[in-house]
Amino acid sequence: MIGARKTRRNDSRVIVHFDYDCFYASVFENENPALKSLPLAVQQKQIVVTCNYEARRRGLHKLALISEAKKIVPDLVIVLGEELGRFRDASKDLYRYLEGFTWSGKVERLGFDEVFMDITDIVDYNQNLLNPNDLAHSFFSLERNDPTVGFTFDATIFAGHTYPPQQMPSAISNSQGNDWLTTRLILGSHFAQHLRLGLDEEKGYTSSVGISTNKLLSKLVGNLNKPKAQTTLLPPYDMLEDGISYNAENTQESNVTMFIDGHDIGKIPGIGFKMAQRIRNHVLSRPPESGTGSGWGGTKESVTVRDVRLFPGMGPEMLERILGGPGVERGIGSKAWGLINGIDDTEIQKAKKVPSQISIEDTYGRLDTMPQVLKELRRLATSLIKRMHTDLLEDDDDPESGSGSKKRWSANPKTVRLSTRPRPPPNADGTRTRSFNRISRSGPLPSFVFNLNNGIDSIVERLVQECLVPMFKRLHPPHAVWNLSLINIGVTNMVETAREDGGGAGGRDISKMFKRQESTLREWRVADRDVPPDPVHGNDNNHHHNHQQAEPSAGDGAPNDDNDHDDNDDILASSEDAIYETQQNSIDDAWQEEEDDDDERPSCEICRRCGAMMPAFAIPAHERFHSLEQEEE
DNA sequence: CGGGGCTTGT
DNA sequence: ACAAGCC
């Protein structure tokens, strides 16, 4: 009864998973088609991060050292792939292509080369359109309000591969009437094929695709037929719990169990390295902590999902005991148990227009002097600002905002974060206990970074001097010795700026947005002149907005992108550097209070140039500030 | 092995 | 401020 509720299957959705074949290599091939016939490898630092299938045919594999790779394939073409811009661009393009087909907007990217899509609504719709008398000549409708848009297909068979493989494709559907789930997966498979061929023919990218009823299963099943193919996980999905069997001599078993049972426990998405190791230890009756942590340790035996599932006493409670502990997600046991049983109810996230974080990082073999650090901080900060411009700046199509500027910020990050990974000092015996642990500090992102008039260099310099260096000193106090293997600079805590949208689906209530921003926004001001005077901002010391209310935000807002606020408060409050000071301002109270009264709230605007938020009446003065600023140059 | 970047949870 | 997870 304990985990019983969560352990029920829900197969009412149809989920498709796309995995672009050797994505990085494909990006280069698309840029330069001559590469397609050559063995091609993409290099990052000293390793081959991916290679095309011609290279694989000759025995090269992913993650080979470059030196090895050259030996394996002497005429290998090697391209450098450390700069990720082109991959990000291609990834977003493909993502937008797929998004264009959805009705619900439920499309989610995982990394650059994977996409989940929830096509439940489209499948539902087309299921109702089927003519049971002539399934072989069906039409798949892609748009609700234009019945001519779509494609013809044979609804008696699956498109592409299935698991388990079907010996006689049409046998199933002819002999017995298809059940509900089978019909929907057939529909899903044809739609998936349409999308997959579209990606190939229109965008030049082949992919491997899986079709099932949740993210876990669709992702795993897509691996069965790898380059340029698709696989649907066939019903039945349900276990026959007691006595009931379809057929006396041909008892059916769940294909889900059959399929997932063969996987190594560590191959299940959601069960990562740490969890897999702990489960293995338990199942193999190992002492709970062998303490090495370096590499593969001792456990060589592979432990499959079946081994875990059938282990005596195994279930959500036991898993909770194995996996639970301080700093571990609560309910991890039943979650893991669900995964082991092919159950995964997590939703496909709706497309977000704005990322919830942008960060830039690099790794180093040795980085232990301040001048080096300063140089890297500038380098990383420069590309961060550039990334903010490409990712967060959009064309300003609002005619009223004259004043020459053609771009506006679609979101303002409120927080900067600096992370480093100190290289652990060598062990007594010389063995390197490599740790992947990062440490970080964060603080308010000053608004001068949103300035579009002055050059990037001056912004970078200020950011480095006024924010990053102080944070660095907090991470690594003067006198301390360190050697860094990584630096990461990021901006987080995005606050979407209001759109004068007004029309259409998801029309948002602007006053609600501001209510949210009141609690989210925190304007601090660099104690310096020539920063845009922010006439308004959260004045809030001690005003803790606990409940932050996931705020589903009409359509697709950023669900909970403000985790760290309380922490930031504390950091700021105790910051000795006193670089920032809050600006108390009496205007606030005039308009910020009054939760329940909808009318007569002074209208607010966000400066197009620097992102500062203020009441409308403050805009003119603020604009004047900017023009002064401009003349200074 | 290991790159750069993202999300989620405590 | 991490830790862990995913690619």
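The values are calculated or read from the model by the stated rules, or taken from the named source; none is laboratory data. Note that the structure is predicted; figures quoted are calculated from it, not measured. For neighbour counting, all protein chains shown are included, and Cβ atoms are generated from backbone atoms with ideal geometry for every residue, glycine included. Note: areas computed on protein heavy atoms with side chains; ligands, DNA, RNA excluded. Shrake-Rupley method; radii C 1.70, N 1.55, O 1.52, S 1.80 Å.
Worth pointing out:
- The set of residues in the range A:348-361 that are within 16 Å of DNA strand C (Cβ to nearest atom) and either part of a loop (DSSP other than H, G, I, E, B) or without any contact (Cβ under 8 Å) to a residue 24 or more places away in the chain (or both) comprises A:348, A:349, A:352, A:355, A:356.
- Yes/no for residue A:342 being of a type outside the set (A, V, I, L, M, F, W, C), within 16 Å of DNA strand C (Cβ to nearest atom) and modelled with pLDDT under 85: no
- Of the residues making up the range A:369-390, one or more are assigned to a loop (DSSP other than H, G, I, E, B) and either modelled with pLDDT under 90 or assigned by TED's automatic domain parsing to the domain that holds residue A:470 (or both).
The rows are residues; the columns are (1) surrounded by 17 or more Cβ atoms within 10 Å (Cβ to Cβ); (2) more than 16 Å from DNA strand C (Cβ to nearest atom).
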| site | (1), (2) |
| --- | --- |
| A:85 | no, no |
| A:100 | no, yes |
| A:114 | yes, no |
| A:119 | yes, yes |
| A:122 | yes, yes |
| A:131 | no, yes |
| A:146 | no, yes |
| A:149 | no, yes |
| A:154 | no, yes |
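- Some residue of the range A:394-417 being out of contact with any Pro (no Cβ under 8 Å at 6 or more places or on another chain), within 29 Å of residue A:479 (Cα to Cα), open to solvent by 30 Å² or more (accessible area, probe 1.4 Å) and modelled with pLDDT of 85 or more: yes
- Filtered residue count, the range A:7-42, keeping only those that are outside any helix (DSSP H, G or I) and open to solvent by less than 40 Å² (accessible area, probe 1.4 Å): 15
- Residue within the range A:311-330 that is among the aromatic types (Phe, Trp, Tyr), modelled with pLDDT of 85 or more and open to solvent by 40 Å² or more (accessible area, probe 1.4 Å) present: yes
- Hits in the range A:43-67 (condition: assigned to a loop (DSSP other than H, G, I, E, B) and either within 11 Å of DNA strand B (Cβ to nearest atom) or touching a Gly at 6+ places or on another chain (Cβ under 8 Å) (or both)): A:45, A:46, A:61, A:62, A:63, A:64
- Residues that are of a type outside the set (A, V, I, L, M), touching a residue at least 12 places away in the same chain (Cβ under 8 Å) and more than 18 Å from residue A:102 (Cβ to Cβ), drawn from the range A:121-147: A:137, A:138, A:139
Quick grid of which residues meet (1) assigned by TED's automatic domain parsing to the domain that holds residue A:21; (2) part of a loop (DSSP other than H, G, I, E, B); (3) at pLDDT below 90; (4) of a type in the set (Lys, Arg):
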residue: A:209; (1), (2), (3), (4): yes, no, no, no
residue: A:217; (1), (2), (3), (4): yes, no, no, no
residue: A:221; (1), (2), (3), (4): yes, no, no, no
residue: A:224; (1), (2), (3), (4): yes, yes, no, no
residue: A:274; (1), (2), (3), (4): no, no, yes, yes
residue: A:282; (1), (2), (3), (4): no, no, yes, no
residue: A:290; (1), (2), (3), (4): no, yes, yes, no
residue: A:296; (1), (2), (3), (4): no, yes, yes, no
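- Condition check for residue A:453: open to solvent by 20 Å² or more (accessible area, probe 1.4 Å), within 25 Å of residue A:382 (Cα to Cα) and either part of a loop (DSSP other than H, G, I, E, B) or at pLDDT below 50 (or both): yes
- Hits in the range A:152-171 - residues which are at pLDDT 95 or above and more than 23 Å from residue A:222 (Cα to Cα): A:152
- Scanning the range A:457-492 for residues being of a type in the set (S, T, N, Q), outside any helix (DSSP H, G or I) and either over 19 Å from residue A:415 (Cα atoms) or open to solvent by 10 Å² or more (accessible area, probe 1.4 Å) (or both) gives a total of 3.
- Within the range A:345-387, being among the β-branched types (Val, Ile, Thr) and touching a helix residue (DSSP H, G or I) at 6+ places or on another chain (Cβ under 9 Å) holds for A:346, A:348, A:354, A:358, A:360, A:373, A:382, A:385.
- Residue in the range A:68-78 that is out of contact with any helix residue (DSSP H, G or I) (no Cβ under 6 Å at 6 or more places or on another chain), among the small types (Gly, Ala, Ser), farther than 30 Å from residue A:201 by Cβ and away from DNA strand B (no atom under 16 Å from the Cβ) present: no
- Within the range A:354-368, restricting attention to residues that are open to solvent by 40 Å² or more (accessible area, probe 1.4 Å) and away from DNA strand B (no atom under 11 Å from the Cβ), the residue that is modelled with the lowest pLDDT is A:366.
- Cβ pairs under 8 Å, 6+ apart, first in the range A:362-376 and closer than 18 Å to residue A:470 by Cβ, second among the hydroxyl-bearing types (Ser, Thr, Tyr): A:376/A:364
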